[in-house]
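Below is one structure; the comments refer to it alone.
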Amino acid sequence: MREPPSHADPDLFYGCGVRPTRVAFAVEGWGLSELWRLDGRVLELSHPVPGGEPTTTGDGLAERIAAWFAGSRDNFADVKLELDWCTPLQRALLEALRRVPYGETVTYGELAALAGRPRAARAAGALCARNPFAIVVPCHRVVASGGIGGYGSFGIAYKRRLLAVEGGNAARVL
């Protein structure tokens, strides 16, 4: 079994005898994803990748995420996230990004402006690069001012595929 997310404070979990729970679930046509939770808050949600063995789901959030990949519209606004690791700027960027509508895209500069920090485009890019909440905090909706932008180790083809799931104005950057 994989260890809990790297940004999780071990003292918070092991010092008080509480351990995060892991749900590994299959996303048809995409692969296996992992969801880590503690006390009803999401610690981490990974993008699905080929391979691995799913656990028995029956997990409502895992089912919603799998449905999103199949085209179900969900903004996941009700999902509580563990944000104790965030700086105030990171928290503002995450909250602004969660408000970007399904099927819409923003540039890194626009995201920074939505967070009240119009000169923080680089910080927006850095946050997206290490976003531990795939899909729930939809960094795939953030594009470069001159095109689609990057998507880390997953690459541009993966980002295009995510944007295609949502359609909308996202198609203009495909």
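Coordinate-derived values only; no laboratory data. Computed from a predicted model, the values in this text were never measured in an experiment. Note that we place each Cβ from the backbone using ideal geometry, even for glycine, and neighbour counts take in every protein chain shown.
Remark: spin-label model distance SER153-ARG64 equals 2.8 nm, labels positioned 7 Å along the Cα→Cβ axis.
Among THR105, THR21, sorting on how many other beta-carbon atoms sit within 10 Å of each Cβ, with the fewest leading, yields THR21, THR105.
How big is the charge dipole of the stretch 88-173 about its Cα centre, in debye rounded to the nearest 20, if each Lys and Arg gets +1 on its Cβ and each Asp and Glu gets -1 on its Cβ? Numbers along the way, then the final one.
Details: 12 positive and 4 negative charges, 33 e Å.
Dipole magnitude for the stretch 88-173 comes out near 160 debye.
Note on GLU95 and SER72: with the Förster distance fixed at 22 Å, the Cβ-Cβ geometry gives a FRET efficiency of about 0.45. Fully extending the segment from GLU104 to ARG122 would add 4.4 nm, taking 0.36 nm per residue of separation and subtracting the current Cα-Cα distance.
Size descriptor for the stretch 95-174, Kirkwood hydrodynamic radius: 12.3 Å (Cα pairs only, one decimal).
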